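Scroll down for the structure; my scribbles are underneath it.
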Amino acid sequence: MGDFSALLAGGPSYTIYDPTTGVVSGSKVVRQPISYMGRTNVIPPSELNSVGMNLVSYYAPPNLPGLANGENNYYYPGNSTDRFDSEFGRIDVVITSRNKLSFDFRHNDRFHTSGNVFNNVATGSTLISPNWGSMVDDVHVFTAATVWDNRANWTRLITSRPLNPSVPLTSLGFPASLQAAITKPGFPVTSVPGYVGFGYGGGQYQPFDSWQIFSMVSHVVGKHSFEFGGDLRLLKEGNFSYGNSAGSYSFGLNGGQGWTNGPNNNSAAAPIGQELASLEMGLPTTGSLDLNQNTTTSAEYFAFFAQDNFRVSPKVTLNLGLRYEHDLPSVESSNQAVNGFASSTVSPINAAAQAAYAAHPVPGITFPTLMGGLVYATPSDRKFYQTKADNFSPRVGVAWTPLPNTSVRGGVGIFNDTTGLHPAIATGYSQTTQMQPTTNSYLSPSATLTNPFPAGLTPPSGNSLGLATYLGQSVSFFPTKLLNDYAIRWDADIQQNLPGNVLFEIGYLGAHLVHLSVSKSLSYVPASYLPVGQVRNNTVVNFLTAAVANPFSGLLPGSSLNTATVQQQQLLLPYPQYTGVTLSNDPIGSSMYDSMIARLEKRLSHGVRFMANYTWSKKLDKLDYLNPQDTHLEKRISVDDRPQRIVLSGTWQLPFGEGRQFNPKVPVANYLMSGWDLTSIYTYQPDGAPLAWGNIIYLGYNFNKLKVNPHLVNGTFDTTQFDTVAADQPITGDNIRTLPTQISNARADGINSLDISISKANKITEKLHAQLRGDLFNALNHPNFAAPSLTPTSTGFAKITSQANLPRQVQVELKLMF
């Protein structure tokens, strides 16, 4: 432990710097390489931290040779367990010849474990999901032309993700006071770039209930077939997110600064090694611990609809429909929720911060008037946001049969999605205490893993602090008005019956989606301070990360901004009193989809059925900002875009047995030979998802023409077209990015999979039937590769190290029907 000297064979970029040697040089901290007894990259035993070393001990030993720098030296086969059971019952009661009542009850339960990479309590996650439901359905036939259907339905879905089996924090070396303060035991979440992380911060218990009353009347008058009715829904969700209840600690750079990078505290990180050294020395760059509160959120919805299927003539049918919908905003049962951000209101700490800044001004920077603060729901204003009062969804369709074997269909319509239920943002009622690793820009630590929260944990304040709630931390809020996203969809197709009981269909489908949700960071350095393009400008980096007197010192207890100095870039943010401000679910996104669909189907005859489907499509999205400073969303190829897809399926009923071509009269032969069916589905999709590129430097002439071969696992593309030098890499947020996030030409592997099912059915007695079935998923055991590494400084850059699909799976099922 503590010996990283072997990394130096990869060059000086792997040097680890000693945090104890830091000295102030201008606005930077300068360090020397770490060494012990004349050996560089070896941590002196006196600098090793017992907590850090205890955490490192949970890493499993290597089981592969790996790369020269130690990367990819451990293989995890992806073991998991997935147990599922399901029960369903239904009762039908014929009350009268015109009235039928049905009742059903359903239940299923899933227990799934995965991700236990090191086979110990430090890794892995568990999903427990029991679900229930029940429905009562009453159908009343008034006349042969009029039917009234009424349904009441209840569904409960529970998502339970317990935390990893806990170990006492004191057994890892954390103080007993921290063990006593936490509310939900677990294993600390540890993030070390380049290495597998520990712990699980996604624990939660989330029951979701849905109640629905649906009523529809069907009435036929002449050539018209009318349907009209209503749909009422109530959604309710309880949410207890454990968060990082045992603490979360990160050892990567924070704002471009760290403990073991060098020679300056804002130098680029090494390809690997520095972060693990920080862990062994017990020096996180960020840390936090959550004390979360239960919330119960509900939302209501109602809709009314009418449709007329009008048979204009024997050859032409029109479908005319209109739906009216209205979503009511989400509310929290005890009003424990944020419902806005007062961006035009002066912050309560403005006067004190202005006085502190006036005493220690920073040349060249005008300190802004501090504005904004969280606004909370009250008994008189419970809504998280407003919703649109009226949503109309018209639909028009036509079916025309110009020839006996030819059918033409088309239509256009608007399809609204519900705003649904949005869990409460319970900031303040749930409280995060931020670790303060340093108060002087990583010159010396003010807290380590030995005692990460020396001032104790900050208790939740609720909304008692008003606009001062959560100052110094990251906050988010909903927009004032949430709009329903909807799709304008249009299609046209032609169907032709061919000889031999064959159907051919070809058509076009298009859709335009609008009001999709987008999240936007409001915490960014103005573009005027930043270089444009894929570049690291060290002059700009030095300017932004320079340590200056902190006007918030002493004003923001329990936050990472309550320090003596602060990075200069913090004072340039629109809301510098927060580490982050995010507008979530802003309904400004959009998407466009176009496709050509062709289908050839041979209907079942002589025991054979066959179908071939081909889809050509393109999907473009506008769902994110390339830079938070941008005023327009990035238009890019969608992560869901798959240009071509072919699906071939077929069923062959072997011609032996009762009701088939050959029916052996010998009982034993009949039993063995009858009831066999063979089904197969072949899926071929040549292209996978577009690769998602980071803020990297491309040296080639045209990024949109980059050649990627997703089957060359040791090098999917030419890495010489990229700058792979660690010291050259831009820091996200310190440049105006121009490289697109995704391009159509660079994609992960597609799909090439064959599934086979073999079944045999037999009649055992007149009242007892049995079916034995065997399924082979990915029958040929064909691997579909995962996306390659897209980290330029990694020795695994452009390499594929995992499989995206599952290996061959065999499933056997016995069904008894009586």
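Tallying residues that are surrounded by fewer than 16 Cβ atoms within 10 Å (Cβ to Cβ) and basic (Lys, Arg) within the stretch 790-818 yields 2.
Whether any residue in the stretch 203-215 is assigned to a loop (DSSP other than H, G, I, E, B) and either touching a residue at least 60 places away in the same chain (Cβ under 8 Å) or surrounded by 15 or more Cβ atoms within 10 Å (Cβ to Cβ) (or both) is what I want to check. Yes, some residue in the stretch 203-215 is assigned to a loop (DSSP other than H, G, I, E, B) and either touching a residue at least 60 places away in the same chain (Cβ under 8 Å) or surrounded by 15 or more Cβ atoms within 10 Å (Cβ to Cβ) (or both).
Among the residues making up the stretch 338-381, those that are more than 20 Å from residue 566 (Cα to Cα), of a type in the set (S, T, N, Q) and part of a loop (DSSP other than H, G, I, E, B) are 343, 344, 345, 380.
Only one entry in 754, 772 is among the hydrophobic types (A, V, I, L, M, F, W, C), at pLDDT below 90, surrounded by 14 or more Cβ atoms within 10 Å (Cβ to Cβ) and in contact with a strand residue (DSSP E or B) (Cβ under 6 Å, 6 or more places away or on another chain), namely 772.
The lone criterion from (1) part of a loop (DSSP other than H, G, I, E, B); (2) β-branched (Val, Ile, Thr); (3) over 32 Å from the mean Cα position of the chain (by Cα) left unmet by residue 535 is number (3). Given the structure, is residue 488 of a type in the set (Val, Ile, Thr), in contact (Cβ under 8 Å) with a residue 12 or more places away in the chain and farther than 30 Å from residue 586 by Cβ? In short, no.
Screening the stretch 402-428 for residues that are touching a Lys or Arg at 6+ places or on another chain (Cβ under 8 Å) and of a type in the set (A, V, I, L, M) and picking the one that is modelled with the lowest pLDDT gives 421. Here the stretch 610-632 is the region considered, the condition is being of a type in the set (D, E, K, R), in contact (Cβ under 8 Å) with a residue 24 or more places away in the chain and more than 20 Å from residue 684 (Cβ to Cβ), and the residue that is surrounded by the fewest Cβ atoms within 10 Å (Cβ to Cβ) is 624. Out of 807, 740, 788, 730, one residue alone is modelled with pLDDT under 90 and on the phi < 0 side of the Ramachandran plot. It is 807.
Residue-wise test of (1) assigned to a loop (DSSP other than H, G, I, E, B); (2) under 14 Å from residue 733 (Cβ atoms); (3) touching a helix residue (DSSP H, G or I) at 6+ places or on another chain (Cβ under 8 Å).
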{"position": "516", "(1), (2), (3)": "no, no, no"}
{"position": "525", "(1), (2), (3)": "yes, yes, yes"}
{"position": "544", "(1), (2), (3)": "no, yes, yes"}
{"position": "557", "(1), (2), (3)": "yes, no, no"}
{"position": "578", "(1), (2), (3)": "yes, no, no"}
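Mind listing just one residue for me: the one in the stretch 67-101 that is outside any loop (DSSP other than H, G, I, E, B) and in contact (Cβ under 8 Å) with a residue 24 or more places away in the chain and, of those, nearest to residue 273 (Cα to Cα)? Among those that are outside any loop (DSSP other than H, G, I, E, B) and in contact (Cβ under 8 Å) with a residue 24 or more places away in the chain, it is 81. Among the residues of the stretch 16-41, those identified as within 21 Å of residue 448 (Cα to Cα), among the aliphatic types (A, V, I, L, M) and either at pLDDT 95 or above or part of a loop (DSSP other than H, G, I, E, B) (or both) are 16, 34. The residue that is surrounded by the most Cβ atoms within 10 Å (Cβ to Cβ), counting only those in the stretch 139-188 that are over 27 Å from residue 294 (Cα atoms) and among the aliphatic types (A, V, I, L, M), is 172. All conditions in (1) buried (at least 16 other Cβ atoms within 10 Å of the Cβ); (2) modelled with pLDDT of 95 or more; (3) touching a strand residue (DSSP E or B) at 6+ places or on another chain (Cβ under 7 Å) hold for residue 512, with the sole exception of (1). Only a single item in (1) within 30 Å of residue 338 (Cβ to Cβ); (2) under 30 Å from the mean Cα position of the chain (by Cα); (3) buried (at least 20 other Cβ atoms within 10 Å of the Cβ) is not met by residue 517, and it is number (3). Give the residue that is nearest to residue 451 (Cα to Cα), with candidates limited to residues of the stretch 42-63 that are assigned to a loop (DSSP other than H, G, I, E, B) and aliphatic (A, V, I, L, M). Among residues in the stretch 42-63 that are assigned to a loop (DSSP other than H, G, I, E, B) and aliphatic (A, V, I, L, M), the one nearest to residue 451 (Cα to Cα) is 48. Of the strands (runs of 3 or more DSSP E) lying entirely inside the stretch 429-505, those carrying at least 3 residues that are surrounded by fewer than 18 Cβ atoms within 10 Å (Cβ to Cβ) and at pLDDT 95 or above are 486-498. Among residues of the stretch 123-143 that are closer than 21 Å to residue 218 by Cα, those with a Cβ under 7 angstrom from a residue that is among the β-branched types (Val, Ile, Thr), sequence gap 6+ or separate chain, pair up as 139/147; 141/147. Would you confirm, using the coordinates I've provided, whether residue 372 is out of contact with any Lys or Arg (no Cβ under 7 Å at 6 or more places or on another chain), modelled with pLDDT of 95 or more and not hydrophobic (A, V, I, L, M, F, W, C)? Answer is yes for this residue. Scanning the stretch 51-97 for residues that are under 19 Å from residue 115 (Cα atoms), exposed (fewer than 13 other Cβ atoms within 10 Å of the Cβ) and among the β-branched types (Val, Ile, Thr) returns a single hit, 81.
Within the stretch 567-609, being without any contact (Cβ under 8 Å) to a residue 60 or more places away in the chain and either buried (at least 18 other Cβ atoms within 10 Å of the Cβ) or within 25 Å of the chain's Cα centre (by Cα) (or both) holds for 570, 573.
For the stretch 807-818, the count of residues that are touching a helix residue (DSSP H, G or I) at 6+ places or on another chain (Cβ under 6 Å), in a loop (DSSP other than H, G, I, E, B) and not aliphatic (A, V, I, L, M) is zero.
For residues that are of a type in the set (Phe, Trp, Tyr) and surrounded by fewer than 18 Cβ atoms within 10 Å (Cβ to Cβ), scanning just the stretch 271-326, find the one that is nearest to residue 192 (Cα to Cα). Among those residues, the one meeting the criterion is 302. Filtering the stretch 546-566 down to residues that are over 17 Å from residue 358 (Cβ atoms) and crowded, with 20+ Cβ neighbours inside 10 Å, which residue is modelled with the lowest pLDDT? In this case the residue turns out to be 558. Here residue 400 meets the list (1) under 17 Å from residue 516 (Cβ atoms); (2) in a strand (DSSP E or B); (3) of a type outside the set (Gly, Ala, Ser) almost entirely, failing just condition (1). Being in contact (Cβ under 8 Å) with a residue 12 or more places away in the chain, assigned to a loop (DSSP other than H, G, I, E, B), surrounded by 17 or more Cβ atoms within 10 Å (Cβ to Cβ) and within 22 Å of the chain's Cα centre (by Cα) holds for only one residue in 748, 787, and it is 787. Taken over the stretch 383-399, the criterion of being under 16 Å from residue 325 (Cβ atoms) and buried (at least 18 other Cβ atoms within 10 Å of the Cβ) is satisfied by 387, 391, 393. The condition of being under 30 Å from residue 229 (Cα atoms) and in contact with a Ser or Thr (Cβ under 9 Å, 6 or more places away or on another chain) does not hold for residue 304.
The values are calculated or read from the model by the stated rules, or taken from the named source; none is laboratory data. No experiment lies behind these values; they were computed from the predicted model shown. Reconstructed Cβ throughout: ideal geometry from the backbone, glycine too, with neighbour counts over all protein chains shown.
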